Amino acid sequence: MNIITELNRKITTHMSTCLEKAFEEGTGLTGMVESTLALVREMGRDMIEEMISTAEDSLLNSKERSMEWVVQSRNREKTVSTLLGDICYRRTYYKNRESGAFRYLTDELLGLEPHTRMDIGLQSDMLTKAKEISYEQVVQSYDDISIRSRSTVKNLVHRTSMENTNWPNLEDEKRKVRFLYVEADEDHVHQQRGKGMIMKLGYVHEGKRLVNPSCKSKHKRNELIGAKYITGLYPNNDDFWFEVLDYIEAQYDLDYVERIFLSGDGAPWIQAGEDILPKCSFVIDGYHLSKYIKSATGPYPAYEKKLK
């Protein structure tokens, strides 16, 4: 639908119902102002999303772009929280013909890092509010954003405070590895009233190695290289995965990383990490793969052995 036609429809509908609704509900002028502001914010998001879509199409159809960048995958969704609310759009993932580097060119055009969740305007507003009110109150002061965790504000304040100090950065050099592994699982925590909660667990590592390679025992033990454990009660799946992403970005040079392997039992919240972590591929972990094969082959153990 043409954006101008759609905006005109929304304005016409609003003007025909706003006054009547305000009087019926007894909110008067204040109600009219609030509903009009909400409409303006909504239309602002519509216009920006339309402009981003136009820019995305322009890049996709550009002959100049195709000479340097090859389409790797299309229609990857991204949501950025702003002062207008959540801006949602789809973009294309490109690979450079010469260097092999991967980029979201639309994100770069917008001045956004590949996995930014908030634009600078919203970050600045949050930091200003955090000086006067609690982190929880800061989050609750925004109506149209998907970020609902106070830990997001806490991390933003902490990161900004560290950037503004004169303390030396003790870890200037980020680790360079070709592959990273993220294993995810969950545990059900029972509460007194019978309502259970899901405890999410993820551990990031660089692979496995034998603890004692010279040991002659048949039962050799492995250990994870550079393991980092992240766990907690995260009602919002994205909050958990952005916590994982924050750690990976802080510790590793993502331009050097070729692939991040995410493994688990295939639960939707685990697979959701594939859309947030860069260069990520989801695979069923060994335990659950074996379990699923056994279930699928049923009374035919010979097929089970072949599949394994």
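The values are calculated or read from the model by the stated rules, or taken from the named source; none is laboratory data. These numbers were taken from a predicted model, which means no experiment stands behind them. No Cβ is skipped: glycine too gets one built from the backbone with ideal geometry, and neighbour counts run over all protein chains shown.
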Going by the structure shown, is GLU77 touching a residue at least 60 places away in the same chain (Cβ under 8 Å), surrounded by fewer than 17 Cβ atoms within 10 Å (Cβ to Cβ) and under 26 Å from ILE276 (Cβ atoms)? yes
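Let's see how each residue does on (1) charged (D, E, K, R); (2) at pLDDT 85 or above:
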site: THR82; (1), (2): no, yes
site: TYR104; (1), (2): no, yes
site: LEU112; (1), (2): no, yes
site: THR116; (1), (2): no, no
site: VAL138; (1), (2): no, yes
site: ARG150; (1), (2): yes, no
site: ASN166; (1), (2): no, no
site: LEU170; (1), (2): no, no
Look at the stretch 172-205 and say how many of its residues are modelled with pLDDT under 65 and outside the structural domain of PHE242 (by TED's automatic domain parsing). 1
Could you identify the single residue in MET43, MET47 that is surrounded by 13 or more Cβ atoms within 10 Å (Cβ to Cβ) and in contact with a helix residue (DSSP H, G or I) (Cβ under 6 Å, 6 or more places away or on another chain)? MET43
Can you report the number of residues in the stretch 222-271 which are small (Gly, Ala, Ser) and closer than 14 Å to HIS115 by Cα? 1
So ASP86, is it of a type in the set (D, E, K, R), over 24 Å from VAL257 (Cα atoms) and either modelled with pLDDT of 95 or more or not assigned by TED's automatic domain parsing to the domain that holds TYR256 (or both): yes
Under 7 Å between Cβ atoms, at least 6 apart or on separate chains: pull out the pairs that start in the stretch 1-27 with a residue that is more than 27 Å from SER53 (Cβ to Cβ) and end on any residue that is surrounded by 13 or more Cβ atoms within 10 Å (Cβ to Cβ) and modelled with pLDDT of 90 or more. CYS18/MET32; CYS18/SER35; CYS18/THR36; LEU19/MET32; ALA22/MET32
